[in-house]
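Structure record follows, encoded as structure tokens.
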Amino acid sequence: MTESFARAVGRRVLSRATAQELGLVARLLIDPGRTQVAALIIGKGKNARIVDWDQLSGFGPDAVMLNDEGALREPADERERRAAGGDLELVGKRALSGTGNGLGTIADVTFDPESGRLESLLIGNRDVPPSSLLGIGSYAAVLDITE
């Protein structure tokens, strides 16, 4: 089964221990080197909290489950603060080749909801392998693609 960033954003996050709603998925933080989702960002602005992917107990079509709310934490470093602020958002980001040529805009990203492993980047009408992702900045994502 495949999931997409576009469908994941806005999904409810629940505590399995208390059945309490903890917030909504605002963003997904990517680890480009491992080509997978590293964490979810719950909420926005100063209220944004992070939950590491390995702290999830389930990523379903209706909700994301955590064992308990203790898994939520504040952004720990500059990268996580930038991600919480939207600087490292992948969907909607301009895509550039390693030589600086424009490739289009990243329309969506698909991933495996079990492992968090990225499956594809949708740029225009083509699927691009996530292994081509070199880095994500505030202006663009850089991909190892020749155009």
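Observations, loosely collected:
- Residues located in segment 121-143, provided they are over 19 Å from Leu88 (Cβ atoms) and of a type outside the set (Asp, Glu): Gly124, Asn125, Arg126, Pro129
- Considering residues of segment 6-49 that are β-branched (Val, Ile, Thr) and surrounded by 20 or more Cβ atoms within 10 Å (Cβ to Cβ) only, the residue farthest from Leu121 (Cα to Cα): Val13
- Qualifying residue in segment 59-74 (condition: over 18 Å from Val13 (Cα atoms), charged (D, E, K, R) and touching a residue at least 12 places away in the same chain (Cβ under 8 Å)): no
- Sole exception among (1) modelled with pLDDT under 90; (2) more than 13 Å from the chain's Cα centre (by Cα); (3) surrounded by 14 or more Cβ atoms within 10 Å (Cβ to Cβ) for Gly100, by number: (3)
- Restricted to segment 87-111, and to residues there that are aliphatic (A, V, I, L, M) and in contact with a helix residue (DSSP H, G or I) (Cβ under 6 Å, 6 or more places away or on another chain), the residue that is farthest from Asp127 (Cα to Cα) is Leu88.
- Leu122, sole failed condition from (1) surrounded by 18 or more Cβ atoms within 10 Å (Cβ to Cβ); (2) free of Cβ contacts under 8 Å to residues at least 60 places away in the same chain; (3) outside any strand (DSSP E or B); (4) not assigned by TED's automatic domain parsing to the domain that holds Leu14: (3)
- Just one of the listed residues (Pro75, Pro32, Pro61) is under 23 Å from Leu133 (Cβ atoms) and touching a Pro at 6+ places or on another chain (Cβ under 9 Å), namely Pro32.
Rundown of residues vs (1) of a type in the set (D, E, K, R); (2) buried (at least 17 other Cβ atoms within 10 Å of the Cβ), yes/no style:
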residue	(1), (2)
Glu78	yes, no
Ala84	no, yes
Lys93	yes, yes
Val109	no, yes
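The values are calculated or read from the model by the stated rules, or taken from the named source; none is laboratory data. All figures in this text were calculated on a predicted structure; none of them were measured in a lab. Heads up, the Cβs are rebuilt from the backbone with ideal geometry, glycines too, and the neighbour counts pull from every protein chain shown.
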